[in-house]
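Quick note: the coordinates plus some simple rules give every number you see, no bench work behind them. Quick caveat, the model's predicted, so the values are computed rather than measured. Note that each Cβ is placed from the backbone with ideal geometry, even for glycine, and that neighbours are counted across all protein chains shown.
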Amino acid sequence: MKFILGTKEKMTTVFTDDGRSFAATIISVAPNVVTQVKTGEKDGYSAVQLGALEKKEVRVRKPQVGHAKMLGKGTALSVFKEFRPTTHEKTDLPELGSVLDVSTFAQGDVVEVSAISKSKGFAGVVKRHNFKGGPRSHGQKHSERSPGSIGGSGGRAGGRVAKGMRMAGRMGGDRITVRNLSVLQVLPESRELVLSGAVPGRRGTLVEIRGAHK
């Protein structure tokens, strides 16, 4: 069972020995502590909870401080995430209090990454939904990027705006999962993973990395 928490750093280009280049994202991975192991008999489901990102105790909520201190750890952890194993992984769970680092993964592993995408504020339909927009001639003046008719008067919705109508609104800030990324490099000295492709979020965004299900 492979999973870990990290933070997005930056993108770069990685060159292989045969001369190929890959767009890649660098993930900084601080040591992750197994703060709880849940079982079906006791909790109703199987899961492993990881704690990460050490902070000053005064900057962490008291319940989180106490949760980490139960393990005898002197540091305060600010982030806790659960990972649920698949059926064949339930017999290979880490022990309570063990520490996971970048060595959890190896070069060539296929992973999936979840993170919160960048927030872009209020956006129109051209940016938010890739609308084409209206023509730039034939009487258009200020409505090239307008959404057009929404069919709300006596149409298919009976005089209402149909649910799910693509319109302007808040864009970004969603939980996004990107699958089938490859681990290009594992750098234990700098505690970094180099993943192929792009990862959601800005620099410093918390990312969850899991081994792809086979």
How would you order 139-147, 165-173 from highest to lowest mean count of nearby Cβ atoms within 10 Å?
-> 165-173, 139-147
Using the Cα atoms as the points, what is the convex hull volume per residue of the chain in Å³?
-> 227
Taking Cα pairs under 8 Å and at least six residues apart, what relative contact order does the chain come out at, in percent?
-> 30
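What does the convex hull of the Cα atoms come to per residue for segment 19-102, in Å³?
Values: hull volume 12.3 nm³, N = 84.
Here the figure is 146 Å³ per residue.
For each of Phe83, Phe3, count neighbouring Cβ atoms within 10 Å of the residue's Cβ, then give the residues from fewest to most.
Ordered by Cβ neighbours within 10 Å, fewest first: Phe83, Phe3.
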Quick note on Glu189, Glu57, ordering by fewest other C-beta atoms within 10 Å, gives Glu189, Glu57
For labels at Lys10 and Gln140 in the simple 7 Å Cα→Cβ model, what's the distance in nm?
-> 3.9
Of the listed pairs Lys2/Lys163; Lys56/Lys118; Lys8/Lys163; Lys127/Lys163, which have alpha-carbon separations greater than 30 Å here?
-> Lys2/Lys163; Lys8/Lys163
Taking Leu206, Leu77, Leu100 and counting other beta carbon atoms within 10 angstrom, the fewest-first order is Leu206, Leu100, Leu77
Percent RCO, i.e. relative contact order, over segment 104-149, from Cα pairs under 8 Å lying at least 6 residues apart | 29
Can you tell me which of 113-120, 22-29 comes out highest on packing, and rank the rest after it, using the mean Cβ neighbours within 10 Å?
-> 22-29, 113-120
If you take the alpha carbon radius of gyration of segment 78-205 and divide it by 2.2 N^0.38 Å, what ratio comes out, to two decimals?
-> 1.65
For segment 3-53 the trypsin sites (Lys or Arg not before Pro) that pass both the DSSP coil test and the at-most-13 other-Cβ-within-10 Å test are Arg20
